1. Can you tell me which residues in segment 156-172 are under 24 Å from ARG111 (Cα atoms) and not in a helix (DSSP H, G or I)?
2. Taking only segment 48-80 into account, find how many residues are in contact with a Phe, Trp or Tyr (Cβ under 6 Å, 6 or more places away or on another chain) and not hydrophobic (A, V, I, L, M, F, W, C).
3. Among the listed residues ALA60, ALA48, identify the single one that is within 21 Å of ARG180 (Cα to Cα), out of contact with any helix residue (DSSP H, G or I) (no Cβ under 7 Å at 6 or more places or on another chain) and either assigned to a helix (DSSP H, G or I) or among the hydroxyl-bearing types (Ser, Thr, Tyr) (or both).
4. What residue, of GLU74, GLU98, GLU83, is open to solvent by less than 50 Å² (accessible area, probe 1.4 Å) and within 28 Å of ASN18 (Cβ to Cβ)?
5. Could you tell me which residue of segment 178-196 is farthest from PHE132 (Cα to Cα), considering only residues that are in a helix (DSSP H, G or I) and in contact (Cβ under 8 Å) with a residue 40 or more places away in the chain?
6. Output the number of residues of segment 1-39 satisfying the condition of being in contact with a helix residue (DSSP H, G or I) (Cβ under 7 Å, 6 or more places away or on another chain), within 13 Å of GLU98 (Cβ to Cβ) and surrounded by 14 or more Cβ atoms within 10 Å (Cβ to Cβ).
7. Inspect all residues belonging to segment 162-171 and state whether any of them is open to solvent by 40 Å² or more (accessible area, probe 1.4 Å), over 24 Å from ILE32 (Cα atoms) and in contact (Cβ under 8 Å) with a residue 40 or more places away in the chain.
8. Confirm whether GLY134 is modelled with pLDDT of 90 or more, under 18 Å from the mean Cα position of the chain (by Cα) and open to solvent by 10 Å² or more (accessible area, probe 1.4 Å).
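The values are calculated or read from the model by the stated rules, or taken from the named source; none is laboratory data. These numbers were taken from a predicted model, which means no experiment stands behind them. Cβ placement follows ideal geometry from the backbone for every residue including glycine, while neighbour counts extend to all protein chains displayed. SASA here: full protein model, heavy atoms, side chains in, ligands and nucleic acids out. Shrake-Rupley method; radii C 1.70, N 1.55, O 1.52, S 1.80 Å.
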Amino acid sequence: MAMEDARVESAFEERVANIEGVIAKHPLHREILCKAIGECVEPQAFAALEARIAAYPEFACALQDPCWFVERLEACGALARAEGFSDISEAVFSATPEALEAASRYSPERRLAALMEQAPAYRDTYVELLSFCGDAPRPYKAIETFLSGRTVLERGDNRLPMLPSVFVDRLEACGVIRWRNGWELTDEGRDLLKDLKSVHAA
């Protein structure tokens, strides 16, 4: 019985890893893919799901139409179509357990926590940059000026200093900032910033 349980767990992990791979493979689309999975915790009709995807702020930079996201998630086993719907325009979709696990592991909270753990020396700079982008959308030039001259950018040993773009790229990869007429916080980034500030103040 234990061996059978191990096989089931292994197969589940493989399916989760496959979905995570699809999410990670498309950096420009990763937040849309994760959000679309979240939409389908409860069954969603295709038309409603398509409309919600099109309304995401991140969709403004997408290279595919909403249908592509649904089809891609279905193809990798993240979304399951209810029986009896052969036409996608009439179909109803639900997130699979594997998709919910993958989305949980790929949440902005986990990604940001991993980033902070990886480079704790930069934690305060990340928090300050999130606060800066939380006040108003910031053009990259403003971020350059904001971080200019900070010792945290110095690497020593005659290596080139870190560019402000490194901090921007890492925070974007965590799903806590996005570009929309400037770098701004995502909803998840705004919530996480509140948590970070409360921990810092405690």
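1. First, pick out the residues of segment 156-172 that are under 24 Å from ARG111 (Cα atoms): 162-172.
Result: MET162, LEU163.
2. 0
3. On the way: ALA48 fails: within 21 Å of ARG180 (Cα to Cα).
Only one candidate qualifies: ALA60.
4. On the way: GLU74 fails: open to solvent by less than 50 Å² (accessible area, probe 1.4 Å); GLU83 fails: open to solvent by less than 50 Å² (accessible area, probe 1.4 Å).
Unique residue meeting the criteria: GLU98.
5. GLU188
6. Summing the residues that are in contact with a helix residue (DSSP H, G or I) (Cβ under 7 Å, 6 or more places away or on another chain), within 13 Å of GLU98 (Cβ to Cβ) and surrounded by 14 or more Cβ atoms within 10 Å (Cβ to Cβ) in segment 1-39 gives 7.
7. no
8. Working: modelled with pLDDT of 90 or more: yes; under 18 Å from the mean Cα position of the chain (by Cα): yes; open to solvent by 10 Å² or more (accessible area, probe 1.4 Å): yes.
The answer is yes for GLY134.
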